[in-house]
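Colleague: One structure, pasted below without further comment.
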Amino acid sequence: MGSHYDVVVVGAGFAGLYAVHKMRDELGLDVQAFEAAGGVGGTWWWNRYPGARCDFESIHYSYSFSEEIQRGWEWSERFAGQPEILAYLEWVADKLDVRRAFRFNTRVTSTNWDDKAARWIICTDDGATCTARFVVSCVGGLSVAKEPEFPGSETFRGELYRTSSWPHEPVDLTGKRVAVIGTGSTGIQVIQEIANEAAELTVFQRTPNFAAPLGNEPVDLAQRRWNAEHHAELRAGSRQHMIGVPYDPPSGPALAATPDERRRIFDKYWDRGGFRLLVSTFSDVIFNQQANETIAEYIRERIRERVKDPATAALLCPTDHPYASKRPPFETGYYEAYNLPHVHLVDVRSAPIEAITPTGVRTSSKSYEFDVIILATGFDVFTRPLLNLGLRGRDGLKLEDRWANGPTSYLGVQIAGFPNLFVINGPKSAVALYNVPLATEDNVNFVAAALARAIADKTATFEATYEAEEAWGRLCEGILNLTVIPHSKGSWYMGENIPGKARAAYFFAGGAPLYRAICAEIAHVGYGGFALDRVSAPIPPMVRLDPAAALLLGSMLARVMKPLDELNLDEVRAVAESLRELQLPGPAMRVETVEAPRARIYIPDRAGPLPVIVFYHGGGWISGSLDLADAPCRRLADENGAIVVSAHYRLAPEHSFPAATDDTFAALSWVWKHVSAYGGDPGRIVVMGESAGANLAAVAAIRARDAGIPLAGQVLIYPPIDPEASTASRTEFADGPFFTRAIGEKMWGAYLGGAELTALAAPSRASSLAGLAPALVLTLELDISRDEAEDYAGALASAGVPVRLHRFDGLFHGVFNMSAFIPRVREMYASIGEFVATCKEQITEAA
Ligand code: FAD
Ligand code: NAP
């Protein structure tokens, strides 16, 4: 057995270079690295084809971790070409002096876990073996080309090139008949670049792609220096943006805009170039097929404008997949290339390629002769580079077997059953939609912190648990299913570009801010979901989020919303009101307002007398309003065929306890006396509230019993019950998601205003709960008030009150007001509907 190292790193791309630097120079570890290529650069070492360049601006598609590196490099183009990116990575490698850690031209061929010694045994293709406590895979997602599918390539008598292993020597295409197979990002870059060089260029296209302008241009000398010196300013907020580049946020939903407005916004970002067309136009294009069609048709129109021959234009217009369901390519003069008389487009969807022949390409309908064939047919993405490491984990577990049904991982960083193996930019990481250098830095930093922790604690094994992997897999899949991505066909996003490869969620599509927040939470709680020496910490709340709730949280993080508990009173009130934008609009109906007590009365167009709901809005007793409750009350009235009275109450801290409970009880008493004038049945009143409003509803139910006001029911939507409750949920969700214990305590403090705590604020303290109206208690899994609400439901039941308790998994406090973005809120309405219907029946039976 050869040498032993603390860490073996595999790969010398963006990830490997930074990983070696981090582990060796910052953690002081003994690091050996391997790279199959002859030098550093990874993707940019291999992909030397004509026209190769990046599609995030170079000032963003570069490292951010070092002030010196950012200042020291000037980019000559907005989107640098491959030679310049490679030169940059070589320069970085020298600056960090990391080349000496690598053995180049050396491929790792097997990687076996030795459980007894708690270390990895790594074999390379030069016959050497070494061992390491940790392996950090930086093998890249797009580093193994798709296997050629066409028989006969070895018989071709001309020159055959693969874009992903392009020769280092210049390839002269002048005067030659050239074929390009493939029209993904790579094919498009090659075609537009060589169109003017080849004598004849034939493009074999199976699926047209939605290419949009890149907007590349040279950067003049003064601007280059300015960019390098102002890197901090230019990159500020990058990581808070969904894709890790500070592009403009979108202008709301496309479906809410007029055709003219849509056209104006699409034109604007089409002209600005690159990913802006996707991320800066409209918020719904990636989520809603109908919205997506607006941008898809816009791109088709632009293609038809640019390509002169209508038949060729029609062939170039994609119609079989939504825009961005495949990674969008970007172009410079691509479509104009087809106007050149010597450039031909061959549709191999209708007549597939059958073989490469000694003289060219044969399709099912025709043979073509070429001097040069260029294969731009893509990659076996994410999984193949890792499978090629020949990984065997605990008990000889083969990665192939583990991944038979598609890849699994926790955060993309670890695979259960493979201890001490860390993956940078692995399957189910955020990297596919997150600017890679920044995604890489985040992953490497996370892994370095985990290693530091393991080393400090003398932890022999650090591994993801199977449960955490499953939870993460569910979240990745759930989020992806909310987008149009699964409607793609043949995309590497879903593993579908490789025949026989499992169709699955290959990446986390929740965006950079959410991914980063989840990683931070996991580290903060002591690596929740990981087992350290086989002792696992619980999977943190954010990994258990409902996918839609997760996406919403991600977009809030992207808006750089301050944490709730750091907001002042005005800001809390503004946030509460802004929740209206997250609600589905309520149906139109007759609405009356009364002033004493202040209330809005929602009257559906049904024959009465109707059941009555008295509703109290949420907002922690310090915020919220009748406006906030407007859409929910309309919906409650409509769905339940009920009169809904939305009652105003005075807010703290201006009006502390008992103002709110007095106002809400006064409203209830008024309703009992007067609701028949509005078509309501005073014998069928259900008192209902959300959050703090639910606390007020619970107290109102007690006061009603004591005052002899008959109630048909009480609906408590995640009620805070007692400020002094000491529950597991208060601890577990102290930091959120969304709603924190600190803001909860502030709200209780403002409400009570120093008053003594009685049953009028904390209903569980009532001397008896017997004789109260039947209750429906709705709780949320990831909510500080969950346990006190469920305890209260238990106490009601013990006192003989009929109780229904309905807990909603994966949701956080406040979601009732987020119905437009969290579809499962409709389950809460359904639960309420069933309960209100039963209340009606009970009363009817009693009558
Ligand atoms: P890589 O750069 O792929 O490096 C992995 C290295 O590991 C390779 O050099 C490989 O030889 C080595 N390796 C793999 N297996 C072994 C083994 N068993 N033994 C030894 N060595 C091994 N992303 C963007 O965000 N923006 C872009 O504009 C962009 N443009 C791209 C253009 C092209 C043509 C391609 C193919 C990809 C592009 N990407 C882009 C994605 C790109 O792969 C990443 O941005 C980034 O370069 C990946 O860095 P990495 O270090 O993770 O992996
Ligand atoms: P790709 O997007 O998977 O495209 C492969 C192309 O080859 C597709 O047009 C595909 O057609 C075609 N193809 C594959 N097998 C075929 C067959 N048997 N017959 C006919 N056609 C076949 O691969 P890529 O273009 O190399 O891009 C991969 C990723 O690399 C990109 O998505 C991007 O992330 C990255 N990249 C980025 C840039 C950049 O702009 N910076 C440049 C290059 C690559 P079908 O669609 O019909 O399968």
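Laboratory data are not the source of any read-out in this text; all were calculated from the coordinates shown. Bear in mind the structure is a predicted one, so any value in this text is a computation, not a measurement. Using ideal geometry, Cβ is built from the backbone for each residue, glycine included, and neighbour counts are taken over all protein chains shown.
Colleague: Once you order the gyration tensor axes a ≥ b ≥ c over the Cα atoms, which shape class does the chain get: rounded for a/c under 1.5, otherwise prolate or oblate by comparing a/b with b/c?
Modeller: prolate
Colleague: Same structure, new question: Taking +1 at the Cβ of each Lys and Arg and -1 at the Cβ of each Asp and Glu, which of Gly13, Leu628, Ala236 sits farthest along the dipole of the chain towards its positive end, judged by Cα position relative to the Cα centre?
Modeller: Gly13
Colleague: Given R₀ = 41 Å, FRET efficiency for Leu340-Asp125 by Cβ-Cβ distance, to 0.05?
Modeller: Rounded to the nearest 0.05, the efficiency is 0.40.
Colleague: For Val591 and Tyr466, what does the FRET efficiency come to when R0 = 41 Å and r is the distance between their Cβ atoms, rounded to the nearest 0.05?
Modeller: Details: r = 53 Å, r/R0 = 1.29.
Rounded to the nearest 0.05, the efficiency is 0.20.
Colleague: Rounded, prolate or oblate: which fits segment 673-782 when a ≥ b ≥ c are the square roots of the eigenvalues of the alpha-carbon gyration tensor, with rounded for a/c under 1.5 and prolate only if a/b beats b/c?
Modeller: Taking the square roots of the gyration eigenvalues as a ≥ b ≥ c, segment 673-782 is prolate.
Colleague: Another question, then. Within a Cβ distance under 9 Å of Leu438, other residues only, what is the Lys/Arg minus Asp/Glu net charge?
Modeller: Summing Lys and Arg as +1 and Asp and Glu as -1 gives 0.
Colleague: Would you mind working out the magnitude of the charge dipole of segment 506-584 relative to its Cα centre, with +1 at each Lys and Arg C-beta and -1 at each Asp and Glu C-beta, to the nearest 20 Debye?
Modeller: The calculation lands at about 240 debye.
Colleague: Related question: Under 13 Å from a point 7 Å along the Cα-to-Cβ line of Asp627: which residues of segment 571-588 have their amide N that close?
Modeller: Backbone N within reach: 573-581.
Colleague: How large is the helix-only mean residue ellipticity at 222 nm for the chain, computed as the sum of -39500 (n - 2.57) over DSSP H runs with n ≥ 4, divided by its residue count, in deg cm²/dmol to the nearest 500?
Modeller: -10000 deg cm²/dmol
Colleague: Rounded to whole Hz and in sequence order, give me ³J(HN,Hα) for segment 416-432 from the Karplus expression 6.51 cos²θ - 1.76 cosθ + 1.60, θ = phi - 60°, writing x for Gly and Pro.
Modeller: My calculation for segment 416-432 gives 4, x, 10, x, 6, 9, 10, 10, 9, 6, x, x, 6, 8, 8, 5, 5 Hz in order.
Colleague: Work out from phi, with θ = phi - 60° and the Karplus expression 6.51 cos²θ - 1.76 cosθ + 1.60, the ³J(HN,Hα) of each residue of segment 587-598, listed in order in whole Hz, and give x for Gly and Pro.
Modeller: Using θ = phi - 60°, the values come out as x, 6, 6, 6, 10, 9, 10, 10, 9, 9, x, 6 Hz.
Colleague: So what's the Cα pair-distance distribution over segment 68-187, bin width 10 Å, in %?
Modeller: Per 10 Å bin, starting at zero, the Cα-Cα P(r) for segment 68-187 comes out as 8, 25, 30, 25, 11, 1, 0 percent.
Colleague: Need the full-extension length gain, Asp706 to Ala236, defined as separation in residues times 0.36 nm minus the C-alpha distance. One decimal, nm.
Modeller: 163.3 nm
Colleague: Please give the charge dipole size of segment 725-831, origin at the Cα centre, charges +1 on K and R Cβ atoms and -1 on D and E Cβ atoms. Round to the nearest 20 debye.
Modeller: 240 debye
Colleague: Turning to a different aspect of this structure: Net charge near Asp25: determine it from the other residues with C-beta under 15 Å of the C-beta of Asp25, scoring Lys and Arg +1 and Asp and Glu -1.
Modeller: Neighbourhood net charge equals -2.
Colleague: Compute the distance in nm between two label points, each set 7 Å from the Cα along the Cα-to-Cβ direction, one at Ala677 and one at Lys398.
Modeller: With each label placed 7 Å out from Cα toward Cβ, I get 8.1 nm.
Colleague: Report, in debye and to the nearest 20, how large the dipole of segment 443-521 comes out about its Cα centre when Lys and Arg carry +1 and Asp and Glu carry -1 on their Cβ.
Modeller: 260 debye
Colleague: Just to verify a number: FRET efficiency for Glu26 and His655, C-beta to C-beta distance, R0 = 41 Å, to 0.05?
Modeller: For R0 = 41 Å, the calculated efficiency reads 0.15.
Colleague: Find, among the trypsin sites (Lys or Arg not before Pro) in segment 526-567, those assigned to loop by DSSP (not H, G, I, E, B) with at most 14 other beta-carbon atoms within 10 angstrom.
Modeller: The qualifying sites are Arg534, Arg559.
Colleague: For segment 345-406 and segment 776-814, what is the separation of their C-alpha centers, rounded to whole Å?
Modeller: 54 Å
Colleague: Right, next: Given the options Pro609, Ser58, Phe530, identify the residue whose Cα lies farthest towards the positive end of the charge dipole of the chain (+1 on Cβ of Lys, Arg; -1 on Cβ of Asp, Glu).
Modeller: Pro609
Colleague: Could you name the aspartates and glutamates whose alpha carbon sits less than 14 Å from that of Lys489, not counting residues in the same chain fewer than 8 places away?
Modeller: Cα-Cα hits under 14 Å: Asp320.
Colleague: Please work out the ratio of the alpha-carbon Rg of segment 339-426 to 2.2 N^0.38 Å and round it to two decimals. Walk me through the numbers on the way to the answer.
Modeller: Working: Rg = 20.8 Å, N = 88, 2.2 N^0.38 = 12.1 Å.
That ratio works out to 1.73.
Colleague: What distance in nm lies between label points placed 7 Å from Cα along the C-beta direction at Asp172 and Ala456?
Modeller: Result for the modelled spin labels: 6.2 nm.
Colleague: Also, I was wondering about something else. Where a Cα-Cα gap under 19 Å defines reach, which aspartates and glutamates qualify for Lys268, not counting those fewer than 8 residues away within the same chain?
Modeller: Asp55, Glu57, Glu217, Asp248, Asp260, Asp284, Glu293, Glu297, Glu301, Glu305, Glu331
Colleague: Please report Rg (one decimal) and Dmax (integer) in Å for the Cα set of segment 708-751.
Modeller: Values for segment 708-751 (Cα only, Rg and Dmax): 13.7, 42 Å.
Colleague: Does segment 219-271 come out rounded, prolate or oblate by the C-alpha gyration tensor, with a ≥ b ≥ c the root eigenvalues, rounded set by a/c under 1.5 and, if not, prolate when a/b is larger than b/c and oblate if not?
Modeller: oblate
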